[in-house]
Structures are given as structure tokens and as C-alpha cells.
Amino acid sequence: MLKYLAPALCLLAMPALAQGTSIKKLDPALDSVIAPDTKIEKLATGFIFIEGPMWKDGKLWFSDVRGDKVRTFDSTTNKVTVILNDSGGMKNAPPDKNFGSNAMITDKDGSILLTRMYIGAIERMDDKGNTKPFLSKYEGKRLNSPNDLVFTKDGALWFTDPSFGLADMDKDSKKEIKFNGVYRYAGGKLTPVITDMTQPNGIGFSPDGKTLYVSNSLPDMYVRAYDVSADGKLSNMRKLISWPGSAPDVPDGLKVDSAGNIWATGPGGLRIISPQGKVLGQLIVPEIVANVGFAEDGKTVYLTGSTSLYRLKTKIAGEIPMYYRK
């Protein structure tokens with residue numbers, strides 16, 4: 001039997017231009033989003049599979065899903081710090097499973113809502129990594145493995161709940177909810193708003209809050225768009241984009257910029273897609289990009305690329321989260 005060896009963490013003394021990266025322009029409109037001479041930097045490497053980038057109080061927070069840790073990256077000192085071990089809720093989780101934490105978001109009180117995949121819960125975490133319960137059940141049944149989450153302007157929390165954090169996914173004996181849903185939590189009530197996606201993953205809203213975007217990872221790979229009413233009801237479902245291909249390079253996290261473009265990860269890298277579904281460009285790095293996050297003044301973009309953390313600059317700002325703390 002081969003013994004798994006975790007990669008050694010390597011912090012770059014100075015950010016370096018990343019080898020094997022490129023920005024592929026597929027439409028002239030990309031120039032208004034990213035300057036033509038923009039380069040992608042590599043900041044740190046040696047992780048196992050990183051996800052969930054979030055900017056808070058001068059640092060990038062992110063999860064190592066298979067390393068089972070929450071970490072921060074300080075862009076001033078280039079230092080990476082472990083905030084929480086056993087971040088998915090299991091002691092000494094195996095590094096070949098998605099048992100760690102995933103996305104996180106700042107709540108209005110400054111605390112962090114963290115998705116903990118192994119225990120199927122969203123928990124509240126402080127800056128020192130202390131956690132306490134927040135959401136873990138729907139109608140008395142355990143959530144599958146909350147993955148990505150976003151606040152809307154009315155203060156409602158929306159999140160995706162695929163089965164990636166279960167050892168046997170949909171066939172796992174721990175799975176209590178039949179569907180893999182997208183939920184809205186508002187006024188103390190948890191409501192499934194989408195139940196017909198097989199593995200919903202990334203989630204985001206247009207700047208005016210009137211359009212919801214959700215990526216589906218398996219087996220069909222696509223991003224859906226929905227119209228959103230004032231009370232959170234969805235209508236007019238359509239596919240924004242579809243991908244060919246197969247796992248492990250699948251649609252994962254997504255974000256939306258202030259011009260309404262969707263930055264969606266997927267096979268072959270991250271694509272920047274207009275609200276009309278036109279692909280403007282593609283960010284390519286030599287590993288799977290699982291997620292993307294806008295940071296600092298909104299014009300700094302971090303890419304979580306499996307074992308490494310990358311960064312680039314943009315001309316327009318990303319959509320700033322509801323309770324953003326710069």
C-alpha cells in the first residue's frame with residue numbers, strides 16, 4: 001500500500017510570476033475587465049486542495065478542504081497562519097476525502113460563518129478559530145455538506161448543500177436528505193429553493209440582486225441563472241453556460257463582479273462570463289482552480305488552485321459581500 005505524503009508548505013518570500021499561467025482573451029470586452037498585460041502571481045504552495053477564499057480584516061482567509069484546516073494569508077508579510085485544525089469537524093481526517101471546511105463569509109456581527117463538510121453544518125467561528133453551532137438541520141434531518149454561501153442585500157443567507165463531504169456521497173448512510181439543495185435562510189426559517197440540481201456548488205447574485213447563479217458539478221456541468229423576486233422566490237430558470245468533460249476538473253466556486261460578469265471555475269480554468277452568457281476570457285493555471293475571491297479594494301483577485309494560492313489585479317471591482325470587512 002502506498003503511503004500518502006502531504007506536500008510541504010512553501011511560502012514565497014516575494015510573490016512570483018506563476019509559471020504555466022495565462023490569461024486567454026476570447027472577446028475584446030475582456031480588456032475592460034483585465035488589462036492586457038496583467039500577470040498571475042503565485043503566493044504560496046504546498047497545500048492539498050484549497051477553497052473558500054474570503055477577505056477579512058486585511059487578510060485572505062481560506063480552507064484546505066483535504067488538509068482539514070482554515071488558514072489566513074497576510075499580504076503584507078506573505079505569512080500563512082493556521083487558524084483552525086480539524087476544520088471539517090473530524091479528528092485526523094484522511095487527506096483523500098473532502099472532509100474539511102469549505103466556504104466562509106463574514107456575518108453582520110463580524111464573526112465568520114464556516115461550512116464544515118464532514119459534520120454537515122454551518123458554524124459560527126471567531127477570529128481565533130473557536131466555533132459554535134449555527135445551522136445543521138432541515139426539518140430535523142442533517143444537512144449533507146454545506147459548500148458555498150452568500151448573503152443578499154435583505155440579509156438572507158443562501159447556501160448550496162451537495163454531498164461531497166460524505167464519504168460515499170449520495171450513497172452514504174449518513175445522508176438523510178434525499179436531494180442536494182440550495183437553501184435560503186431568513187427570519188429564522190430555512191427553505192429549500194432548488195431541489196433538482198444533482199450537485200449544486202458555487203453560488204452568487206447579480207449586483208442588483210435580481211439574478212441568482214448556481215454552478216452544478218456532477219454529472220452534468222453547467223451554471224444556471226434564475227430570476228429572483230423580492231421574497232426570494234425563483235423563476236425563469238435557464239442555463240448560462242455548459243461544459244464538456246469529467247471529474248475531477250468540474251464547475252466549482254463562482255463570484256460576480258461589479259459589472260455583472262460571472263467568474264466561474266470549471267474544466268480548463270476560470271471563465272469570465274457576461275450576464276448574457278458570452279465567455280469573455282479564461283484564466284489558466286497549471287492545476288485545478290476550485291474557487292475565486294475578490295479582496296482588498298475589490299480589484300484584487302485570489303484564486304485557490306488546489307495546492308497553491310494565486311493572485312491577479314483587475315480593472316473593475318468585484319461585487320463586495322454584504323458584511324465585508326476590509
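Ala167 falls short of the stated requirement of being of a type in the set (A, V, I, L, M) and either open to solvent by less than 10 Å² (accessible area, probe 1.4 Å) or part of a strand (DSSP E or B) (or both). Residue count for segment 231-245 under the criterion of being of a type in the set (Gly, Ala, Ser) and touching a residue at least 24 places away in the same chain (Cβ under 8 Å): the result is 2.
Residue-wise test of (1) in contact with a helix residue (DSSP H, G or I) (Cβ under 9 Å, 6 or more places away or on another chain); (2) free of Cβ contacts under 8 Å to residues at least 12 places away in the same chain; (3) not β-branched (Val, Ile, Thr).
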| site | (1), (2), (3) |
| --- | --- |
| Leu143 | no, no, yes |
| Gly165 | no, no, yes |
| Arg184 | no, no, yes |
| Gly188 | no, yes, yes |
| Gln199 | yes, no, yes |
| Ser215 | no, no, yes |
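Scanning segment 71-82 for residues that are open to solvent by less than 40 Å² (accessible area, probe 1.4 Å) and either assigned to a loop (DSSP other than H, G, I, E, B) or of a type outside the set (Asp, Glu) (or both) yields Arg71, Thr72, Phe73, Ser75, Asn78, Val80.
Residue-by-condition table, conditions (1) in contact with a Phe, Trp or Tyr (Cβ under 9 Å, 6 or more places away or on another chain); (2) open to solvent by 60 Å² or more (accessible area, probe 1.4 Å); (3) more than 25 Å from Gly140 (Cα to Cα); (4) of a type in the set (A, V, I, L, M):
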{"position": "Lys171", "(1), (2), (3), (4)": "no, yes, no, no"}
{"position": "Lys189", "(1), (2), (3), (4)": "no, yes, no, no"}
{"position": "Asn201", "(1), (2), (3), (4)": "yes, no, no, no"}
{"position": "Pro244", "(1), (2), (3), (4)": "no, yes, yes, no"}
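For segment 153-163, the set of residues classified as in contact (Cβ under 8 Å) with a residue 60 or more places away in the chain and open to solvent by less than 50 Å² (accessible area, probe 1.4 Å) consists of Gly155, Ala156, listed by residue number. Screening Lys69, Lys79, Lys56 for residues that are more than 24 Å from Phe134 (Cα to Cα) and at pLDDT 95 or above leaves exactly one candidate, Lys79. Taken together, the residues in segment 306-326 that are assigned to a strand (DSSP E or B) and either surrounded by 17 or more Cβ atoms within 10 Å (Cβ to Cβ) or in contact with an Asp or Glu (Cβ under 6 Å, 6 or more places away or on another chain) (or both) amount to 9. Before we move on, is Asp107 under 21 Å from the mean Cα position of the chain (by Cα) and surrounded by 15 or more Cβ atoms within 10 Å (Cβ to Cβ)? Yes: the conditions hold for Asp107. Val279 falls short on exactly one of the conditions (1) under 17 Å from Lys56 (Cα atoms); (2) open to solvent by 10 Å² or more (accessible area, probe 1.4 Å); (3) over 13 Å from the mean Cα position of the chain (by Cα); (4) modelled with pLDDT of 95 or more, and that condition is (1). Assess whether Ser111 counts as being free of Cβ contacts under 8 Å to residues at least 60 places away in the same chain, polar (S, T, N, Q) and within 21 Å of Asn201 (Cα to Cα). So Ser111 does not fit the description; no. Tallying residues that are open to solvent by 50 Å² or more (accessible area, probe 1.4 Å) and either within 24 Å of Val292 (Cβ to Cβ) or not in a strand (DSSP E or B) (or both) within segment 119-135 yields 5.
Yes or no, residue by residue, for (1) acidic (Asp, Glu); (2) more than 24 Å from Glu296 (Cβ to Cβ); (3) under 23 Å from the mean Cα position of the chain (by Cα); (4) at pLDDT below 95:
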position: Ser32; (1), (2), (3), (4): no, no, no, no
position: Ala35; (1), (2), (3), (4): no, no, no, no
position: Leu43; (1), (2), (3), (4): no, no, yes, no
position: Leu60; (1), (2), (3), (4): no, no, yes, no
position: Asp74; (1), (2), (3), (4): yes, no, yes, no
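The values are calculated or read from the model by the stated rules, or taken from the named source; none is laboratory data. Just so we're clear, the structure is a prediction, and the values are computed from it rather than from any experiment. Note that each Cβ is placed from the backbone with ideal geometry, even for glycine, and that neighbours are counted across all protein chains shown. Heads up: the accessible areas ignore ligands, DNA and RNA and are worked out on the full protein's heavy atoms, side chains in. Shrake-Rupley method; radii C 1.70, N 1.55, O 1.52, S 1.80 Å.
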